[in-house]
Amino acid sequence: MLSVRSALRLKAVPRLSRAVSAWANVPAGPPDAILGITENFKADTSPKKINLGVGAYRDNNGKPYVLPSVQKAEEILFKEKADKEYLPITGLASFDKLATELAYGENSAPIKENRLAVSQSLSGTGALRIGMEFLNEFWPNKTIYVPTPTWGNHGAIAKRAGLKLEKYRYFDPKTVGLNFEAVKEDLKNAPEGSIILLHACAHNPTGVDPTQEQWKELSDLVKEKKHFPFFDMAYQGFASGDVERDAFAPRYFVEQGHQILLCQSFAKNLGLYGERVGTVSVVTASPEEKARVDSQLKILIRPMYSNPPVHGARLVSTILSNPELKAEWLGEVKGMADRIIDMREKLYNKLVELNTPGEWGHIKSQIGMFSFTGLTPEQVDALAQKAHIYLTRDGRISMAGLNDSNVEYFAESMSKAVKGEL
Ligand code: LMR
């Protein structure tokens, strides 16, 4: 029972009236251009539905694919009964070493000479954020140039990291290929010392990469202009099926003496999407400089998330340190790349068979996870509304979402969309 006094006191306390909520002025933001598509796809109840939005590999039955090498590594780890202690701020040391050897090559000079600063990251996005924050703090020119088009998240990460965003021309819609002259012109005209974001391989969203000769020219140009080469490598192995070949560009730049920054992701090539595992690395001039850069990476990371999750790094480390498992994994990467190439062939053939107006050779020549179809935003909307097929509004399709059971339906629907018959 309350005393009379406390009852009076309770009564005297003003009741929190919520006539106006604390968040009344928070505006609704737009859905994410890529991940928002998955939400629409999930809400669609049609059995015909296809998700070609997010770049996530699916097997020929349209199912997520846990690589057999990863399953074996899981079993090894389960038996080891490893603890769940915190990792150091820059992650699992064995993982950092093996992952960067995969990216740069085991005999890469910065690795051999102990002058590669590296930290485990929350996959590619986390690497980009740490890398850009690092440059914002320590690189004099705060402007980053990204290709047009580029992955939908690059600009947002750059802005959040405090960099000024600029664009360089990259894709030519007329030739559906690389506009190399425009790339060179724009990089030449960029103020000296600009940060240049380069997709190491399997450019997202276009699937159009420079040739090795063109990379060499770009290396010279970047050097001449004292630009800073910032590599995003999310698809090593996915472009050609060969992890060595796909690492050509960053390795060549390093050989030419560039002090690159590299963002590496194991989401796609090891199918470790939800494990969020990758690296960010910075080529420095000496072990002493590396130690200073390492210390700054730690200072950046600690207030963001303290230290990275352990499981994905252990999986990668287990696979890359075991020659048999590594060989098995390399075969699986090739298998994924080959299935995508097979789908390109099938889609192309069907579009041609259906007399779809236009030239579709780019479906076969583009590489990696995506094809930049040339579909207009209106055609994309029609595909979602009339055919239950979901893709980003820029016309990008994730080839990995196609399989033997749905490629014909997709080609027929796409053909109708192009003909205005949907
Ligand atoms: C994509 O481009 O679909 C992937 O990189 C996934 C993502 O996070 O956007």
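Each residue of the range 114-122 in order: what ³J(HN,Hα) in whole Hz does its phi give by Karplus 6.51 cos²θ - 1.76 cosθ + 1.60, θ = phi - 60°, with x for Gly and Pro?
Once θ is set to phi - 60°, the couplings for the range 114-122 become 6, 10, 10, 7, 8, 9, 4, 9, 7 Hz.
Sequence-distant or interchain residues sharing an amide H contact under 5 Å with Tyr65, placed H: which?
Distant-sequence amide H within range of Tyr65: Asp59.
Would you please give the residues with an amide H less than 5 Å from that of Gly395, counting only those at least 5 places away or on a separate chain, with H modeled from the backbone geometry?
The list, which skips near neighbours in sequence, is empty: none.
Would you mind telling me the antiparallel percentage of the DSSP bridges in the range 86-321, rounded to 5?
If I count the DSSP bridges inside the range 86-321, around 45 percent turn out antiparallel.
Which of the trypsin sites (Lys or Arg not before Pro) found in the range 40-99 are in a DSSP loop and have at most 10 neighbouring Cβ atoms, other than their own, within 10 Å?
Lys81, Lys84
Taking R0 as 35 Å, what FRET efficiency do you get between Phe138 and Glu217 from their Cβ-Cβ distance, rounded to the nearest 0.05?
Computed FRET efficiency for Phe138 and Glu217 comes out at 0.80.
By DSSP, what percent of the beta bridges with both residues in the chain are antiparallel, rounded to the nearest 5?
Around 45 percent antiparallel, to the nearest 5.
Return the calculated 222 nm mean residue ellipticity for the chain, to the nearest 500 deg cm²/dmol, obtained by summing -39500 (n - 2.57) across DSSP H runs with n ≥ 4 and dividing by the residue count. Kindly include the intermediate steps, with their values, before the conclusion.
On the way: 17 runs with 194 residues, N = 422.
Result for the chain: -14000 deg cm²/dmol, rounded to the nearest 500.
Taking the Cβ of each residue in Glu166, Glu113, Glu192 as the centre, tally the other Cβ atoms inside 10 Å and list the residues starting with the fewest.
Going from least to most buried by this count: Glu192, Glu113, Glu166.
Putting +1 on Lys and Arg Cβ atoms and -1 on Asp and Glu Cβ atoms, find which of Ala202, Gly155, Ala182 reaches farthest to the positive end of the dipole of the range 86-321.
Gly155
Between Tyr409 and Asn60, what is the label-point separation in nm under the 7 Å Cα-to-beta-carbon projection?
Using points 7 Å along Cα→Cβ, the separation is 1.9 nm.
For Ala22 and Asp242, FRET efficiency with R0 = 60 Å and r from the beta-carbon atoms, rounded to 0.05? Working shown, then result.
Working: r = 55 Å, r/R0 = 0.91.
Between Asp242 and Ala22 the formula returns 0.65.
Between Ala285 and Glu224, with labels modelled 7 Å along Cα→Cβ, what's the label distance in nm to one decimal, could you check?
2.4 nm
Under 12 Å between alpha carbons, and skipping anything fewer than 8 positions from Lys72 in its own chain: which aspartates and glutamates qualify?
Glu324, Glu328
Leaving out same-chain residues fewer than 8 places away, which aspartates and glutamates sit with a Cα under 16 Å from that of Lys142?
Glu133, Glu166, Glu192
Which value, in debye to the nearest 20, gives the size of the charge dipole of the chain about its Cα centre, when Lys and Arg are +1 and Asp and Glu are -1 at the Cβ? Could the numbers behind the result be given before it?
Values: 52 positive and 50 negative charges, 429 e Å.
Rounded to the nearest 20 debye, it is 2060 debye.
Full-extension gain between Lys79 and Glu39, please, as 0.36 nm times their residue separation minus the C-alpha to C-alpha distance.
Numbers: separation 40, 0.36 × 40 = 14.40 nm, distance 3.69 nm.
Residue separation times 0.36 nm, minus the Cα-Cα distance, leaves 10.7 nm.
May I ask you to list the aspartates and glutamates whose Cα is less than 15 Å away from that of Lys49, ignoring any residue fewer than eight positions away on the same chain?
Straight-distance partners of Lys49: Glu39, Asp381, Asp404, Glu408, Glu412.
Starting from the amide H of Asp242, placed 1.01 Å from N in the peptide plane, find each other amide H under 5 Å away whose residue is 5 or more places distant or on another chain.
For Asp242, the qualifying residues are Gly237.
Under a plain spin-label model, where a point goes 7 Å from the Cα along Cα-to-Cβ, how far apart in nm are Ala156 and Arg292?
Going from the Ala156 label point to the Arg292 one covers 3.6 nm.
None of the figures in this text is laboratory data; all of them are computed from the coordinates on show. Predicted model only: the values in this text are computed from it and were never measured. Glycine also receives a Cβ, built like all others from the backbone with ideal geometry; neighbour counts cover every protein chain displayed.
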